[in-house]
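Working notes, beginning with the structure itself.
No lab work stands behind these numbers, since they all come straight from the coordinates. Predicted model, so just to flag it, every value in this text is computed and none were measured. Reconstructed Cβ throughout: ideal geometry from the backbone, glycine too, with neighbour counts over all protein chains shown.
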């Protein structure tokens, strides 16, 4: 992928129009079918390199809006795959990425048509991200990385009562978990 991204400008446009979408689909298919142990071997730097190279390539064949939409959806699908992993380090990496998306939507990203706060709220809800953090598969390290997601949902007025109950019920998982949840709840007052 690095090689194709580097050769991008030298390739004929018709070839790019065929090759680049096929390459994107191939990478997605590989990541969808990859085992958790294979995904664990993809370090953060390599993952970001894949995203950056794909962005360079898609810029050649799609409009800016379509490219941004494709990259965002690809990125979020990969992060979800990480969050659903059996390995804690991958789950943490995925959650950190989702938290970064939430931070960008809250603060620095200009209002963009390709991905809105409402779309992110729907994605979080549809994929059960809070369940991954606070339900039985949850972990203290995931809870520690959840404040940006919770703040984002609060700012979007999209944290329903049943999700608050899920967070509160997680305090029954042990003293350390309870302490971490209290720390998260304390951060709510700044919203």
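General remarks:
- Structural size metrics of segment 120-171, computed from C-alpha coordinates, are Rg and Dmax of 10.1, 26 Å.
- Ordering of 162-175, 45-58 by packing is 45-58, 162-175, highest average first (other Cβ atoms within 10 Å, averaged per residue).
- Modelled spin-label separation between residue 154 and residue 122, with each label point placed 7 Å from Cα along the Cα-to-Cβ direction: 2.6 nm.
- Tilt relative to the chain, helix 175-188 - C-alpha long axis, 0 to 90 degrees, to 10: 70
- Gyration tensor over the Cα atoms of the chain: the corresponding equivalent ellipsoid has semi-axes (square roots of 5 times the eigenvalues, largest first) of 34, 19, 12 Å.
- The chain: angle of helix 13-33 to the longest principal axis, Cα-based, in degrees nearest 10: 30
- Each pair of Cα atoms in segment 29-124 enters the Kirkwood radius, and Stokes-Einstein at 4 °C and 1.567 mPa s then converts it into a translational diffusion coefficient of 92 µm²/s.
- Per residue, the convex hull spanned by the Cα atoms of segment 11-84 amounts to 80 cubic angstrom.
- Estimated 222 nm signal from helices in the chain, with DSSP H stretches of n ≥ 4 weighted -39500 (n - 2.57), rounded to 500: -22500 deg cm²/dmol
- Span from the segment 139-172 Cα centroid across to the segment 112-136 one, whole angstrom: 11
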